[in-house]
1. Mind checking which of F363, V168, L183 is farthest towards the positive end of the chain's charge dipole, using Cβ charges of +1 (Lys, Arg) and -1 (Asp, Glu) about the Cα centre?
2. Any idea how far apart M368 and A129 come out in nm if each label point goes 7 Å out from Cα toward Cβ?
3. Search the structure for amide H atoms under 5 Å from the amide H of R433, placed 1.01 Å from N in the peptide plane, and list their residues when 5 or more places away or on another chain.
4. When the Karplus curve 6.51 cos²θ - 1.76 cosθ + 1.60 is applied with θ = phi - 60°, which whole-Hz ³J(HN,Hα) does each residue of region 292-309 get, with x for Gly and Pro?
5. To the nearest 0.05, what FRET efficiency results for K423 and E292 with a Förster distance of 51 Å applied to their C-beta separation?
6. Given the chain reduced to its alpha-carbon atoms as identical point scatterers, what log10 I(q)/I(0) does the Debye formula return at q = 0.07, 0.10 Å⁻¹?
7. Any chance you could check the Cα centroid distance between region 17-33 and region 215-262 for me, in angstrom?
8. So if I average 1/r over every pair of distinct C-alpha atoms in region 207-292 and take the inverse, what Kirkwood radius in Å does that give?
Amino acid sequence: MYKISVVGTGYVGLVAGTCFAESGRTVICVDKDKNKIMKLKKGIIPIYEPGLEELVKKNIEKKRLIFTTELKEGVQNSDIIFIAVGTPPGEDGSADLRYVLEVAEGIRKYINGYKIVVNKSTVPVGTGAKVKAILSEQTKYKFDVVSNPEFLKEGAAIDDFMKPDRVVIGCESEEARKAMEYLYSPFVRTGAPILFMDIKSAEMTKYAANAMLATRISFMNEISRLCEAVGADVTMVRKGIGTDARIGKSFLFAGIGYGGSCFPKDVKALIRTAKENKIRLKIIEVVEQTNEEQKEIIVKKIIKRFGKNLKGKLFAVWGLSFKPNTDDMREAPSIVIINNLLKLGAKIIAYDPAAMNEAKKIFGKKIMYAKNNYNMLKNATALILVTEWQEFREPDFEIIKKKMKEPIIFDGRNILEPEIVKKFGFEYYCIGRPNKENRKE
């Protein structure tokens with residue numbers, strides 16, 4: 001059985017390491033953040049992901065999941081080393097590879113036998129070659145470099161890893177191929193394919209997949225704008241095109257734009273890679289532009305309703321994370337919406353089931369924070385729905401109306417039914433759906 005280490009205990013690394021341990025393997029997770037490792041050893045995880053905390057604690061107790069700050073320990077006591085550190089975007093949109101290359105340097109320093117070094121981080125095409133070049137310097141040991149991009153959805157990461165649609169592996173040797181096939185065999189027993197290809201194609205696959213999904217979202221958001229203009233209903237249009245087998249139903253919900261750690265960063269990095277190779281990705285460039293515009297659509301609706309001077313008006317915000325079932329607020333539309341409303345003089349009180357601590361890091365004392373989603377509505381001028389958490393889908397409208405100063409709702413995710421909301425006497429503004437408030441007559 002192959003011994004595994006995972007360098008980086010962020011979202012990707014912690015999920016991957018834990019799921020490998022759950023399959024019965026011993027996994028060494030390495031991170032240079034001493035405080036994080038100390039907490040992880042106690043089963044305290046740094047992220048919100050349904051089911052992850054329980055699995056971490058279980059595998060610590062079984063002694064299959066080991067946490068350390070010592071890279072040497074991870075390298076010398078494993079056969080397969082996953083690099084799962086961050087690749088944050090630079091100012092020019094390119095992926096910052098410093099952490100990936102630092103780990104490669106460390107592996108070269110401590111290598112003590114044949115190793116398979118796997119890039120699990122999302123990295124631009126050509127990164128595998130850079131890692132290989134570093135490892136080739138001053139080492140007598142044989143090694144292989146592999147690209148194994150992750151396709152995890154935040155909020156459903158455990159299921160995505162344990163029951164993948166496919167596993168993408170970029171490798172150059174038969175030895176590495178057999179090792180990776182064996183490693184993933186417990187997760188593909190139902191027939192999901194392991195797709196072997198060259199390293200560069202595997203690296204490109206990750207970016208292409210996220211760019212395609214981002215494109216579908218931005219496409220529907222543009223269609224929603226046209227729906228509002230002509231009086232069509234984007235939810236009906238979504239059903240109409242989603243039942244076409246050539247199109248499918250996924251990622252066709254209109255809203256206030258995508259966010260998170262993947263789509264925004266990966267779209268920017270893909271555009272940058274294209275420019276470096278003197279290629280213009282016109283569609284992808286517009287996808288990014290459309291998404292940035294869509295994040296401001298709710299603010300524009302608020303200005304249309306109340307004017308540009310929002311001084312003295314209190315807006316209650318439901319949802320802060322970029323999507324439900326996560327505390328991740330990276331590139332979240334809520335940040336754009338709240339900052340713009342603050343600039344216009346508005347007061348903000350916000351609630352999210354998981355992201356309150358993250359919000360406090362971002363906004364500090366600029367806004368108020370609520371402990372639940374009803375008491376915060378007292379004297380609110382309007383309610384803004386930003387994240388489609390399940391608990392927001394069927395609220396008690398009588399309580400909402402009783403507490404609010406004015407019965408006005410701005411629904412950025414179309415999670416409420418317009419007719420029901422209006423039945424309770426609310427003004428209702430949504431995305432791409434016809435009603436007398438948001439349709440041009």
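No value in this document is a laboratory result; all are computed from the given coordinates. This one's a predicted model, so the numbers in the text were calculated from it and none came from an experiment. Note that we place each Cβ from the backbone using ideal geometry, even for glycine, and neighbour counts take in every protein chain shown.
1. Of the listed residues, the answer is F363.
2. According to this spin-label approximation, the distance is 5.8 nm.
3. V234
4. For region 292-309, the Karplus curve yields 5, 5, 5, 5, 9, 5, 5, 4, 5, 5, 5, 4, 4, 7, 10, x, 7, 9 Hz.
5. Efficiency computed from Cβ-Cβ geometry: 0.90.
6. -0.40, -0.77
7. 38
8. Across region 207-292, the inverse of the average 1/r is 13.6 Å.
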